[in-house]
1. Kindly check whether there is at least one residue in the range D:182-196 that is of a type in the set (Gly, Ala, Ser), more than 19 Å from D:Tyr271 (Cα to Cα) and part of a strand (DSSP E or B).
2. Scan the range D:47-65 residue by residue and report those that are part of a loop (DSSP other than H, G, I, E, B) and either free of Cβ contacts under 8 Å to residues at least 24 places away in the same chain or outside the structural domain of D:Gly11 (by TED's automatic domain parsing) (or both).
3. Select from the range C:46-105 the residues that are within 18 Å of C:His27 (Cα to Cα) and of a type in the set (Asp, Glu) and write down the one among them that is surrounded by the most Cβ atoms within 10 Å (Cβ to Cβ).
4. Among residues belonging to the range B:251-267 that are among the aliphatic types (A, V, I, L, M) and in a strand (DSSP E or B), point out the one that is farthest from B:Ala175 (Cα to Cα).
5. Give the residues of the range B:313-344 that are acidic (Asp, Glu) and over 29 Å from B:Val181 (Cβ atoms), sorted by residue number.
6. Could you figure out which of (1) in a strand (DSSP E or B); (2) touching a residue at least 40 places away in the same chain (Cβ under 8 Å); (3) under 24 Å from the mean Cα position of the chain (by Cα) isn't true of D:Ala210?
7. Restricting attention to the range C:147-202, which residues are closer than 17 Å to C:Ala302 by Cα, within 14 Å of chain D (Cβ to nearest Cβ) and surrounded by fewer than 24 Cβ atoms within 10 Å (Cβ to Cβ)?
8. Looking at the range B:304-338, which of its residues are in a loop (DSSP other than H, G, I, E, B) and either closer than 16 Å to B:Pro154 by Cα or among the polar types (S, T, N, Q) (or both)?
4 protein chains.
Amino acid sequence: MSPRARVGVVGVTGYAGFQLAKLLLRHPRIEKPTFFLRDGAAKFRCLTELFPELRGWGDAPCQPYSTQAVKESGAEFVFLSTPHEASLELAPELLGAGLRVVDLSGAFRFRDPDTFSSWYKLPAPPRPLLDGAVYGLPEMYAASLPGARLVANPGCYPTSVILGLRPLIEAGWIAKERGVVCDCKSGTTGAGKEPKCDTHFVEVNENFRAYGLFAHRHTPEVTEHLGLAHRDVIFSTHLLPVARGILSTISLWLAAPRSAEQIEALYRQFYFGRPLVRIWPAGKLPELQHVAHTNFCDIGFALDAPGERLIVVSCLDNLGKGAAGQAVQNLNGMLGAPEEAGLI
Amino acid sequence: MSPRARVGVVGVTGYAGFQLAKLLLRHPRIEKPTFFLRDGAAKFRCLTELFPELRGWGDAPCQPYSTQAVKESGAEFVFLSTPHEASLELAPELLGAGLRVVDLSGAFRFRDPDTFSSWYKLPAPPRPLLDGAVYGLPEMYAASLPGARLVANPGCYPTSVILGLRPLIEAGWIAKERGVVCDCKSGTTGAGKEPKCDTHFVEVNENFRAYGLFAHRHTPEVTEHLGLAHRDVIFSTHLLPVARGILSTISLWLAAPRSAEQIEALYRQFYFGRPLVRIWPAGKLPELQHVAHTNFCDIGFALDAPGERLIVVSCLDNLGKGAAGQAVQNLNGMLGAPEEAGLI
Amino acid sequence: MSPRARVGVVGVTGYAGFQLAKLLLRHPRIEKPTFFLRDGAAKFRCLTELFPELRGWGDAPCQPYSTQAVKESGAEFVFLSTPHEASLELAPELLGAGLRVVDLSGAFRFRDPDTFSSWYKLPAPPRPLLDGAVYGLPEMYAASLPGARLVANPGCYPTSVILGLRPLIEAGWIAKERGVVCDCKSGTTGAGKEPKCDTHFVEVNENFRAYGLFAHRHTPEVTEHLGLAHRDVIFSTHLLPVARGILSTISLWLAAPRSAEQIEALYRQFYFGRPLVRIWPAGKLPELQHVAHTNFCDIGFALDAPGERLIVVSCLDNLGKGAAGQAVQNLNGMLGAPEEAGLI
Amino acid sequence: MSPRARVGVVGVTGYAGFQLAKLLLRHPRIEKPTFFLRDGAAKFRCLTELFPELRGWGDAPCQPYSTQAVKESGAEFVFLSTPHEASLELAPELLGAGLRVVDLSGAFRFRDPDTFSSWYKLPAPPRPLLDGAVYGLPEMYAASLPGARLVANPGCYPTSVILGLRPLIEAGWIAKERGVVCDCKSGTTGAGKEPKCDTHFVEVNENFRAYGLFAHRHTPEVTEHLGLAHRDVIFSTHLLPVARGILSTISLWLAAPRSAEQIEALYRQFYFGRPLVRIWPAGKLPELQHVAHTNFCDIGFALDAPGERLIVVSCLDNLGKGAAGQAVQNLNGMLGAPEEAGLI
């Protein structure tokens, strides 16, 4: 077996960072990671001070972040589980120091710097960085991972929608002129750990609401990787009273009638050999609880009797395949390890 | 004040029946209702034996059901909160005995008897009954209520979808040829009180799933009252991990660009003077918790910047405006009482 | 019917205040209340700006708070739904202006000013005010309400525990030397509306935790009104992943063996004629959902076979009988109205 | 490394069986297990037919159960995740065939056969089997595991209560004459997978209730392993609106005053070297979400200022340390593997 990789993680104070820590502490192909904390969290010396439930999982030493400290830790790979603006600043430093970076923020997800700056209201990232960045959806772009220096880990909603639609798009089976409706629902870990009115228990429990309509920053990821015009996609997001998981219900009209067998075969062929995407047989639908606390994306569908209207249901754990799990899957690709290592 | 109406209720063992009992026990325009129970429940003599939490709400005497018993109770109006097949049998008997009936089942909701028999896999109701039946959505058909002998109380999903779309349909503002997507989510009281694998706490909690795709029996109500072809509507239903409420996210393309002000004005005008439909101002969206435990239907919307793509959010309590509340609203119409009597 | 009372409410921005507003807007014996807002909320002119779900409930005009404004509104009664320190300041002013006050805070609940100051870490209230204050648990102290000028509305936990234990205490049936264990569980509205880490949805959902052990400020209310020594009571509080409700499990040993019939009879006799306390028959236990969204306190019990060990289960809605409902019940007592007016 | 053990599992259709399957499919010290199904489930040929969410976890072949089939599978160890009555029948057969058995039912948990028969209303197990059975709480009885042929896996509630109290009991620090109150709360997976009225989502969600008071079958396990008289323990059980986890709040008076440091030291010493019990530092309390989806039991406590009254909080996942995780821990002990193998 090849030697274990040395890995650092910057920013593990949120839900995605915590999930990443749990995955990395158990990963068979890497050394115990070093955690680098910033700002108020920099005082912690061990991850169990921040997350007492990690006691018993083994040592998880923390250090205050500096590029120098990461370099000296011997890390070859660094995960950035940091806010967009922090990633914009830290990624160039770390790349400059010779490290390979998987960034979980939105900073480097778009080919065109203006897409980022207009949707995120932040400075544009340098175009050369974007030219070299890989959009880290391994089921589409795994071939680019072995040589990648900067991987932009996709958003949670786009992962579910792109994986759900890409086979149909590539096959040309969608009646694009009628438009595609992506009605997406997410658990509350997706809204971040910072306490806000909107995430107070009493405002989420026994509630359900749409939010961010026509304004969600994940919109341009969806259209860019599906090759659809903004005006032909309605992408809506909702908050579910659950902690974890995204379920996207994707409704569309087919360009020509198809049978359920054809649809299922298309998906099975597209995802053949990809262990983290599970295709459900025609007539069965995946549910949120099948993927919560996993790193899978499950896809199923329903077709009307004439074979004209299609509903695709794509679901995943927003902290798993939608964030930390996919980040580790990207690391696996960079390492040349099996893509599911440490993830099943 | 006019004398109080005398009312009977058949079948109060489910969630909608229980909600109906609570509304009627407090209604200012009716006498204390008499409850008629069938089958295994016919042994109960007081509603508090069935629902101990009703103690303290006043007497709620029960009797075994028979048409004769209802007649002798002096009731003029009868609510049927019974299964479809039971309503098919009981409604003609009760109408024949001179009573006026509000039926909460699906038995009499369609103009064409075949629509019912093909979607519900049950015998068709007699056509003359359907000819005289009123589809009990008072915001559309209140004018027919004063003289109605049989009111078919609408389904919970159709109530939310029809109220959400009808103003746009009547205005001709929708690009129908692109289709309309109604992505609907319901709380678990909508699945009935009978224990099933699918409604076990552990299978609903922290879960979310689509069900009944292209097969839900509420589909033909939606198309019939919107004048849309089946092939142009994608109507999907999902189970939320909450007890009460339906939220329908309705996505569509407009036939011509509109402003948010125009959309809001259209809805306000359409529902002017209808106290149980609340229109949210442009830029604000209703949430499930705003309508849970109420008899309102709340409607809001989001429009894209060019004014082309529209998302309408329509929500209600499936036991309130989606069932028992609407049944009482229909009674109010039959009585000539204000439509919100006993409902706010 | 006597003329309707004129009422003002100060502070309706929290969950208890909102519940109070809903009760008062529907109360048959009072005029539409006036709402007085303080601090940042003083800008609102109508309660629907703060709580959009109140639209359709009728006018609920708001004004910035001042003693003068309350006086000029014509109010005879004022509810203070304000923080402890604010009530400490406002109650004397309002009483001085001739108004009668129901205070929902902890400021005036104790006979001894030092009890308040040592448990709440705030200045002691003036002793003369405490001498005249009524502890607003109407099932015990209703006789004092007609003449009361200041009513201290009890805490939510103490209401459930005192109502559950007082019959046994007065009868002398408890083996006090063995101690009494009050294991109490509350929904999250009890923790207030301010967003905090502890009330983030993800930290409450699918979770359960004890908190405030041996330090909860409701402790001295319990011991004062039960006549028990602190050292003989273990009072613990837990946070439930529900919005509303308190269930207290009270475990104790009886001084001498009793039968279930005796226990039930004791409770029925004690609460005879008190419509808001419902005693469950021996062998049946109340549940949180029986009292959520009501103003009842439900009490049941289990006795071991030898009649020695007793578990009393007492539950209520922390916003109903545990706060706003009880405040209205106190108002009813001050008015000479039936204690359940507007509450069932 | 020693060769992998060969293991069979009988009955994986419930929640504990499913959890056991997940643990065994990933266990580093055993071969892929064989699953034996009974009754209606015997038709399944692969576990993914029963639990579609296991797809991607590797093969999990199933066979109809017979003692012969288990024997021929080459299994040395068998887990019985079967109803009490089935275990009573199957365990003797399997032991007779030379297999070593871990039984998750209550059938073999008591020294005295009458204890079982009187609490479970089932035939008494043969006394010789009980004489040789080990009560599988490894933190107390690990020394007996290497030679054990029959291990009775403890109940979920008793595991939490016994682990929480045993250090105090052995130290003689409890004022036993005052009694001990164990107020326990469990998630709904503990109520089994069979749909019942009591486990319908709508009857659990937003609800909380006590059940089984003075009648719960876990009671005699608690008293037997703590050496307490029934009359000195009040053991109550409640249903939480969560899927997983038990939190027991144990209230007692100390025989003599102690400091928090002494209490913490007692627990740390008692559980020194036991990786699956985590002691929380004085002043911090474990929560359900710290142990959900883990195999840990977490214990914390609060002491009053005089050092007289003590509240111990003990929590675990009822499917983890409370059932399947502990069963695997027992297997580890039988194998001579580290007790946490495959469990952290």
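1. Taking the range D:182-196 as the starting set, the residues that turn out to be of a type in the set (Gly, Ala, Ser) are D:186-187, D:190-192.
After this cut, where a residue has to be more than 19 Å from D:Tyr271 (Cα to Cα) as well, the list is D:186-187, D:190-192.
Imposing the further condition that a residue be part of a strand (DSSP E or B) reduces the set to D:186.
Yes; the residues of the range D:182-196 include at least one that is of a type in the set (Gly, Ala, Ser), more than 19 Å from D:Tyr271 (Cα to Cα) and part of a strand (DSSP E or B).
2. The first filter runs over the range D:47-65 and keeps only residues part of a loop (DSSP other than H, G, I, E, B), leaving D:51, D:55-60, D:65.
Correct list: D:Arg55, D:Gly56.
3. Among those residues, the one meeting the criterion is C:Glu76.
4. Looking only at the range B:251-267, we keep the residues that are among the aliphatic types (A, V, I, L, M), and these are B:252, B:254-256, B:260, B:263, B:265-266.
Filter once more, so that each one left must be in a strand (DSSP E or B): B:252, B:254.
Numbers: B:Leu252: 8, B:Leu254: 5 Å.
Step by step, filter the range B:251-267, then rank; the result is B:Leu252.
5. Within the range B:313-344, the subset acidic (Asp, Glu) is B:317, B:339-340.
Result: B:Glu339, B:Glu340.
6. (2)
7. Residues satisfying the conditions are C:Ile174, C:Ala175.
8. As a first pass, look at the range B:304-338 and keep what is in a loop (DSSP other than H, G, I, E, B): B:304-308, B:317-319, B:336-338.
Across the range B:304-338, the qualifying residues are B:Asp317, B:Asn318, B:Leu319.
The values are calculated or read from the model by the stated rules, or taken from the named source; none is laboratory data. This one's a predicted model, so the numbers in the text were calculated from it and none came from an experiment. As a convention, Cβ positions derive from the backbone with ideal geometry for all residues, glycine included, and neighbour counts pool all protein chains shown.
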